[in-house]
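Here the structure comes first, spelled out in structure tokens, and everything after it is commentary.
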Amino acid sequence: MSFLLAIFYFFYFSIIGVYIIFLPKVLAMSGYAASEIGIIFAAGPLVRFLVPFAFIKGLKLTIGIFRIALLIMFLSSLAFYFSLHDFYMLLFSNIGLGIGLSLTLPYIELISLNYLGKEEYGKIRLWGSVGFILVALVLVKYLSSGDVALLYLLTLSFVTALTASLIASKAKNILEKTLHVDNDIDLLKDWKLWAGLTLMQVSFGSFYNFFTIYETDYGISLDMTIYLWSFGVVVEVFMLYYQGRFLRNNLLYILQLTTFVTAFRWFLLFMFPQNLVILFFSQTLHALSFALFHSAAISYLFHLYKHKSLAQQFFSGITYGFGAFLGALIAGYVYELYPKYLFLSATALAFLAFICLNLWSKHTKTASNLQLD
């Protein structure tokens, strides 16, 4: 099972690499305006946000539904290939891909945590980071036309869907357990927790969408900026491999620590955008602000809620879906109006995440004390 999970993560995040790094360029090469590209790529995070609410309304993630999601993911990748020059067909293809991706990863994460445990999870999940960076390094050498990127997307989607289907077949018991669990997730009651997790991803909007533009505008070469990106992924892989010892500790404390460190990281980018030593140091913090935060978050939700599959879907949908959408929107307006303060705004958002998680920590301690009394 560990081998299959490693294969899945490798190819799934290879898809994400093609999607994030190359598809916007492919659309630009095909004549789409920036506003049209923005609309197409905003659809994915919004779908990712909306999908989990269908399960609150009664939809059950059966093995059949899961395989339909895999089929939708593959067919949407195929549709990209035939709809490149039609805006509306491309938009619907992207919505379909968003549905497939949003249903696939949370369930595989659930299986990983069940089979591997939080301490061994990172050693398998790191293959996703390896896949992401490898596809970037390989495809950049062969991206002669949009068809090449779309062929990569189609091939990677097929292998991912096939691997995920095999994993699901071997883990039917885990899926069946989730079908008989009542929903115990109350987003309004637990708003401090979910606000903290989401604001953390909102703060990443400046980094994921504008880091390259921000640094090159300050005179850092494009090659050096790519080295900075790559270095961040390398330290991420190291943290995923060695993070088990950290995850034995208080997971909520780790979430608080990583959000505070992330606020410090964005502040460094605001203060020293041209200092390469500090820039590389800030990238080492990616090990905490992404790798350790992500693993601690999914592990904490896994232990906090009984409806574990829905918890993972909400984490994926609300934080990486809505959070990514809102983060990109905020960062875009800030960089257009006040470019100097892009990462100061990200600092404020990450610090708000830290405050919300502190409030949640105090709430849980109060609730525990009341139960003991």
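Restrict the check to region 344-357 and report whether at least one residue is in contact with an Asp or Glu (Cβ under 8 Å, 6 or more places away or on another chain), modelled with pLDDT of 90 or more and closer than 26 Å to ASP184 by Cβ. No: region 344-357 contains no residue that is in contact with an Asp or Glu (Cβ under 8 Å, 6 or more places away or on another chain), modelled with pLDDT of 90 or more and closer than 26 Å to ASP184 by Cβ. Among all positions in region 286-301, there is at least one residue which is within 20 Å of TRP191 (Cβ to Cβ) and of a type in the set (Val, Ile, Thr).
To keep it simple, each residue is scored yes or no on (1) in contact (Cβ under 8 Å) with a residue 12 or more places away in the chain; (2) surrounded by 20 or more Cβ atoms within 10 Å (Cβ to Cβ); (3) farther than 22 Å from THR259 by Cα.
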residue	(1), (2), (3)
THR198	yes, yes, no
VAL202	yes, yes, no
SER206	yes, yes, no
PHE210	yes, yes, no
GLU215	yes, yes, yes
TYR218	yes, no, yes
LEU222	no, no, yes
THR225	yes, no, yes
PHE231	yes, no, no
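The residues of region 309-347 that are without any contact (Cβ under 8 Å) to a residue 12 or more places away in the chain and hydrophobic (A, V, I, L, M, F, W, C) amount to a single one, LEU337. Does at least one position in region 269-284 carry a residue that is free of Cβ contacts under 8 Å to residues at least 40 places away in the same chain and either crowded, with 22+ Cβ neighbours inside 10 Å or touching a His at 6+ places or on another chain (Cβ under 7 Å) (or both)? Yes, some residue in region 269-284 is free of Cβ contacts under 8 Å to residues at least 40 places away in the same chain and either crowded, with 22+ Cβ neighbours inside 10 Å or touching a His at 6+ places or on another chain (Cβ under 7 Å) (or both). Taking region 70-114 as the range and being surrounded by fewer than 18 Cβ atoms within 10 Å (Cβ to Cβ) and either assigned to a helix (DSSP H, G or I) or assigned by TED's automatic domain parsing to the domain that holds ILE254 (or both) as the test, the residues that pass are LEU71, LEU75, LEU78, TYR81, PHE82, PHE87, TYR88, MET89, LEU91, PHE92, ILE95, ASN114. The residues listed here are ALA324, ALA287; of these, the one that is within 13 Å of the chain's Cα centre (by Cα), crowded, with 22+ Cβ neighbours inside 10 Å, under 22 Å from TRP229 (Cα atoms) and not hydroxyl-bearing (Ser, Thr, Tyr) is ALA324. Residue check: is GLY44 outside any helix (DSSP H, G or I), not aliphatic (A, V, I, L, M) and not assigned by TED's automatic domain parsing to the domain that holds LYS308? When the stated conditions are applied, GLY44 does not pass them. Just one of the listed residues (PHE41, PHE74, PHE11, PHE66) is more than 20 Å from LEU150 (Cβ to Cβ) and either in contact (Cβ under 8 Å) with a residue 12 or more places away in the chain or among the basic types (Lys, Arg) (or both), and it is PHE66.
The set of residues from region 308-350 being outside any helix (DSSP H, G or I) and in contact with a Leu (Cβ under 7 Å, 6 or more places away or on another chain) is empty.
Within region 293-304, the set of residues being under 13 Å from the mean Cα position of the chain (by Cα) and closer than 15 Å to GLY196 by Cβ comprises PHE293, HIS294, ALA297, ILE298.
Quick check on region 117-129. Is at least one of its residues in the same structural domain as THR62 (by TED's automatic domain parsing) and without any contact (Cβ under 8 Å) to a residue 40 or more places away in the chain? The answer is yes; a qualifying residue exists.
Scanning region 327-366 for residues that are surrounded by fewer than 18 Cβ atoms within 10 Å (Cβ to Cβ) and under 30 Å from ILE111 (Cβ atoms) yields a single hit, THR364.
The values are calculated or read from the model by the stated rules, or taken from the named source; none is laboratory data. This one's a predicted model, so the numbers in the text were calculated from it and none came from an experiment. Note that each Cβ is placed from the backbone with ideal geometry, even for glycine, and that neighbours are counted across all protein chains shown.
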